[in-house]
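K.L.:
This structure is in structure tokens; I'll ask about it shortly.
The values are calculated or read from the model by the stated rules, or taken from the named source; none is laboratory data. Nothing here was measured: the structure is a model prediction, and the numbers come from that model. No Cβ is skipped: glycine too gets one built from the backbone with ideal geometry, and neighbour counts run over all protein chains shown. Keep in mind that these areas ignore ligands, DNA and RNA; they rest on the heavy atoms of the full protein, side chains included. Shrake-Rupley method; radii C 1.70, N 1.55, O 1.52, S 1.80 Å.
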Amino acid sequence: MSSNGANHVLYHAAYISPAILMVVSLFNTLLLIYIILFRDLKVRNIAWSLTSIFSPINTLMILHCVGFIGFSATEAIYNHSSQRNTIIGVFNGCFLAVVQVTYVYVSWFRSSDIIKQESSETLLKIFKIALYICPFISIVPPFALLGIGAPVLLGNMPALTIFSITLGLNGTLFISIDQYFLLIFIKYNRYLQSQMGMGVGRRLEIITKFGAAATLCALCALQLFGVTAICMLFNPVLDKGWVLTVYYIAWILKDWLLAAVGWVLVVMKWKIVELKKDGLDVVKGGTGTGTSRKQSIMVVNVEQITRRDTLLHVPTRKNSAIEVNGTLATSTHHQHTTF
């Protein structure tokens with residue numbers, strides 16, 4: 001197949017692909033709602049109410065899934081149109097901002113307790129400032145597009161450069177924040193394993209495993225977006241066959257990786273709910289230093305998870321106790337830190 005023939009196929013794929021993702025993400029949203037209503041609340045024996053259904057973590061995850069549906073729908077319309085529509089492009093950027101911000105805040109909810117312990121006061125203040133400004137930074141690209149105009153971007157190097165910089169800095173900020181979340185978890189888990197002689201609890205294993213997967217998908221998506229920006233900077237009107245081919249492939253793969261982030265979050269939610277069904281989360285591992293074998297077994301009661309859904313009472317480096325939702329692991333010190 002010639003380059004022109006391949007690009008013709010990719011052109012159609014560029015709007016068919018997000019349309020497919022919109023449908024798939026709709027099912028992902030329905031699955032999330034099912035997990036919340038018929039699995040999570042049932043396991044915790046909590047009646048349906050606006051407060052229980054729309055807890056902070058649930059609300060953020062629902063907004064994330066709904067935001068991606070809007071993102072996919074507007075992208076399908078935007079890519080299908082021969083004339084770039086600025087308003088559709090702005091809505092697309094706003095939906096992407098919702099996806100980005102909710103993902104970061106879900107990451108914060110799942111790991112805030114440990115971050116507070118593992119970060120210095122100065123670093124934690126800087127980090128919280130970054131969290132506060134995330135929503136504002138996320139809407140800079142769509143407002144930049146509104147000011148420039150979508151039809152102006154193609155062939156206008158200064159305008160394209162400015163818009164690409166806003167998108168690149170925006171994406172880098174969000175990926176950097178989530179990578180920091182992940183590094184903190186890995187650091188803390190290694191501490192539990194090496195200093196306390198214990199393995200990591202199932203809940204932390206799930207959060208770390210799926211958090212790593214989500215971060216990897218988001219990072220790859222950002223890199224692919226960088227490829228599309230380079231293609232447009234290298235060939236602003238995209239009239240070279242091979243450049244357009246690379247552009248289309250990177251753009252389509254980027255969307256699927258962004259969708260995968262939402263899928264990972266929902267699967268992680270499912271896994272955590274299934275863990276609650278068992279009632280107990282026993283940490284794997286041998287004996288800790290200075291404690292008996294019986295004392296080294298950390299029992300975590302997850303039946304009565306709080307509405308926040310991420311409350312963790314984590315052991316400090318000065319003691320070897322963990323308390324989650326009221327169940328204290330026996331150790332030589334019974335002091336614990338609550339956030």
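K.L.:
If segment 38-159 were replaced by its equivalent ellipsoid, with semi-axes equal to the square roots of 5 times the Cα gyration tensor eigenvalues, what would those be, largest first, whole Å?
P.N.:
They are 35, 23, 9 Å, listed from largest to smallest.
K.L.:
Determine the sum of side-chain charges near residue 19: Lys and Arg each +1, Asp and Glu each -1, restricted to other residues whose C-beta is under 15 angstrom from that of residue 19.
P.N.:
Once positives and negatives cancel, what remains is -2.
K.L.:
Then there is this: Would you mind giving the average projected area, over all directions, of the Cα convex hull of segment 127-180 in nm² with one decimal?
P.N.:
Seen from a random direction, the Cα hull of segment 127-180 projects 3.8 nm² on average.
K.L.:
Let me ask another. Where does each of 67-78, 123-134 land if you order them by average Cβ count within 10 Å, highest first?
P.N.:
Packing proxy ranking, top to bottom: 67-78, 123-134.
K.L.:
Okay, moving on. Would you mind checking the pairs 187/254; 187/209; 42/276; 128/276; 42/269 and listing those with alpha carbons more than 20 angstrom apart?
P.N.:
Pairs exceeding the cut-off: 187/254; 128/276.
K.L.:
For residue 242 and residue 165, FRET efficiency with R0 = 22 Å and r from the beta-carbon atoms, rounded to 0.05?
P.N.:
0.30
K.L.:
Can I ask one more? Find the accessible area per residue for segment 1-133; the probe is 1.4 Å, ligands and nucleic acids are left out, and the unit is Å².
P.N.:
The answer is 48 Å² per residue.
K.L.:
Starting from the Cα-Cα distance between residue 230 and residue 46, subtract it from 0.36 nm times their residue separation and give me the gain in nm to one decimal.
P.N.:
Gain on extension, residue 230 to residue 46, equals 61.1 nm.
K.L.:
Between residue 9 and residue 34, what length comes free when the chain is fully extended (0.36 nm per residue of separation minus the Cα-Cα distance, one decimal in nm)?
P.N.:
5.3 nm
K.L.:
Bin width 5 Å, alpha-carbon pairs only: give the P(r) of segment 32-104 as whole percents, running from 0 to the bin holding the largest distance.
P.N.:
In order of increasing distance, the bins hold 3, 16, 20, 16, 13, 11, 8, 6, 4, 2, 0 percent.
K.L.:
Here's something else I'd like to know. For segment 3-136, what % of the accessible area comes from carbon and sulfur atoms, probe 1.4 Å?
P.N.:
Carbon and sulfur: 74 percent of the exposed surface of segment 3-136.
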